[in-house]
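A quick write-up on the structure given underneath.
The values are calculated or read from the model by the stated rules, or taken from the named source; none is laboratory data. None of the values given here were measured: they were computed from a predicted structure. Here Cβ is always computed from backbone atoms with ideal geometry, including for glycine, and neighbour counts include all displayed protein chains. To get the accessible areas, we keep the full protein, side chains included, count just its heavy atoms, and leave off ligands, DNA and RNA. Shrake-Rupley method; radii C 1.70, N 1.55, O 1.52, S 1.80 Å.
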Amino acid sequence: YMVENLKNTFEELTDELENYINSNTNSNGIHIHMTKKNHQHEVYMVALTEYYQKELTIISNREGRQLKRWAKFLFEKEDKDLLNLRMIESEMDYDYRYLALNISNTDTLELRIFKATNDNKEILGRIELVANMYAWAEENQINNFKNMPNFIDVATYKTNNYVSYILEKYGMLGKATC
């Protein structure tokens, strides 16, 4: 019921705002806020965002300059194999709101990476993706990055009503990504 109700709300909202939202602009974006749980959960969310930056970048539909301006990552994607929780935690006091996952808000984590879209299914898929990442980070432990699940498993961790739509749209279904 909630997903269907949310879908109807987004359809009404995007129909109403269609004249105001231009998804081809460089500055519009969709930011998804999540309640901060505790420090460990926050570290895990940063870890997931950094570890899966390649996949999140594809789904975000943003490109290099836009990412660096509006939603940059703490680490370069080439450093993925070098990531560890201590390294991530040491960078988390970086008070800069234009990160892919903004942690500088007092009460929320803000995923800023997504470019604006008028596609209702894509909006719902992005929300569901973030909700699945959030649940995964809450219910699992990251001991090291060598045993991380593939992106599809995290993206579809609890629900897959709309995530598969964006995974298919961006050519990620059927690919082993990690």
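Things to note:
- Gain on full extension, evaluated as 0.36 nm per residue between Lys146 and His39 minus their Cα-Cα distance, stands at 36.3 nm.
- For the range 31-178, the solvent-accessible area works out to 50 Å² per residue, with a probe of 1.4 Å and every protein chain left in place.
- Atom-type composition of the exposed protein surface of the range 44-178 places 44 percent of the accessible area on carbon and sulfur (1.4 angstrom probe).
- Shape call, the range 99-178: gyration tensor on alpha carbons, a/c limit 1.5: oblate
- Database remark: amide H of Gly29 closer than 5 angstrom to the amide H of Ala116 (H placed geometrically; neighbours at sequence offset of 5 or more, or on other chains; Pro and chain starts carry no H).
- Centre separation in Å (Cα based) which lies between the range 46-68 and the range 87-106: 15
- Sparsely packed trypsin sites (Lys or Arg not before Pro) within the range 101-165, loop by DSSP, other Cβ within 10 Å at most 11: none
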